[in-house]
Amino acid sequence: MATRKRTTAPTADTVSIHDACLRYMTTEQSLRLALSHVRPDDFDTVKAVSELDLEAIASYFQPELPTVASTSELPENSQNLTQQTSEPATEQPQNALSLQGQQQHLTAPTPDSSPNAQLTLIDQLTRQASEEIAAVDAIAQVKNQLILNNLAVRDAELTEGINQHWQHQKQGYLGAIRDLAGLAQQKPEVTPDETDLTQEIGV
């Protein structure tokens, strides 16, 4: 497996990606796509490139405008130098622009599909979150109902247990009362004395 090169940071000897895009009047995506031919290991992460790399990918873009020097600095053969500078423009491959257009067409995202896909993703996440909240709330309600039902059942069981215990205890009290009532002695009836002893004696 190939090891990726370290990302190059802008230095005095390099040109940043932003400045390179301005130089060739292109987008960062197209510039990095062209860099993939000369820097396949880090074309998508590099932050600055050398002048050699820029010269290597110059054929994929419009030719760089020549720098106009001051009149005092122009050599005597400035006309020849100007002609030599303009020669690469005429020697540029005819298929460079078409290759750039094809690469941008293949790599650029479709403007109409991205917003729709993003909205679909947001709607999906929103619906999932709403349904998940509703499901959790339903589970909580069922748990609460189950707790209340268990409390009601437990309360009824305790009430019935106390009632059964009292019924048994009350029967014991009633039996003890009946037994005690059965131990009570009946008062004997007094036999009346119908014989008058005085009269019988004749006193």
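The values are calculated or read from the model by the stated rules, or taken from the named source; none is laboratory data. Here the structure is a predicted model, which is why all the values come from computation and not from measurement. Every residue, glycine among them, receives a Cβ derived from its backbone with ideal geometry; neighbour counts consider all protein chains shown. We work out accessible area using only protein heavy atoms, side chains counted, and drop any ligands, DNA or RNA first. Shrake-Rupley method; radii C 1.70, N 1.55, O 1.52, S 1.80 Å.
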Residue-by-residue Karplus 3J(HN,Hα) for region 45-58, coefficients 6.51, -1.76, 1.60, Hz, glycine and proline x: 10, 5, 9, 8, 10, 7, 5, 5, 5, 5, 5, 5, 9, 4
Region 131-138 - phi-based ³J(HN,Hα) in whole Hz, Karplus 6.51/-1.76/1.60, Gly and Pro as x: 5, 5, 4, 5, 5, 5, 5, 5
R23 paired with E131, simple spin-label distance in nm, labels 7 Å along Cα-to-beta-carbon: 5.4
Region 124-175: radius of gyration over Cα atoms, expressed as a fraction of 2.2 N^0.38 Å: 2.28
Probe 1.4 Å, accessible area per residue of region 12-59, Å²: 51
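Hey, got the dipole for region 138-203? About the Cα centre, +1 on K and R Cβ, -1 on D and E Cβ, debye to the nearest 20?
I would put it at about 1020 debye.
Of the peptides 168-175, 195-202, 41-48, how do they stack up when ordered by the mean number of other Cβ atoms within 10 Å, highest first? Spell out each step's value before the answer.
Numbers: 168-175: 9.8, 195-202: 7.1, 41-48: 15.9.
Result, highest mean Cβ count within 10 Å first: 41-48, 168-175, 195-202.
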Extension reserve of the T45-I162 stretch, reckoned as 0.36 nm per residue once the Cα distance is removed: 34.1 nm
